[in-house]
1. How much length is gained on full extension from residue 72 to residue 145, taking 0.36 nm per residue of separation minus their Cα-Cα distance?
2. Fewest to most neighbouring Cβ within 10 Å: what's the order for 69, 118, 58?
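Read-outs throughout are calculated quantities, based only on the coordinates presented, and are distinct from any laboratory measurement. Since we're looking at a predicted model, the values are computed, not measured. So basically every Cβ, Gly included, is an ideal-geometry build from the backbone, and we count neighbours across all protein chains shown.
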């Protein structure tokens, strides 16, 4: 049995179980309790700072280029923001199981842990909608899920991974 089939069978088996049992199985399959030990906290902070410096310098560079081009214009056009006709963002409507299911079925396939989620959209759409609605109603996002692993994807294998831009 392939790894994918194993995961799919585990998720399909838990489809008839309670939300809490299903959540435990999903956590086990996604290894959400494991942490990445390949970098130290200092290295992670340094990587984040490097990314931040890179993007801030790009924004500064773009702003100066735009300012330089605007200086040569004799008439600067006005682009006022259109008035906001939407409802104020003090209320978020509930996310439905069907909405999440639709999103999961339209996500293009990639070789990642998201494939596991996409292989059983019925199971995950219910979990995601319950989790999302609870998070919205409590105005809180669990700290456990605020972690991310940043892995730079290089366009060319010969490039240095430690340099953000060449």
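1. The residue 72-residue 145 span can extend by a further 21.4 nm.
2. Final ranking by Cβ density, sparse to dense: 69, 58, 118.
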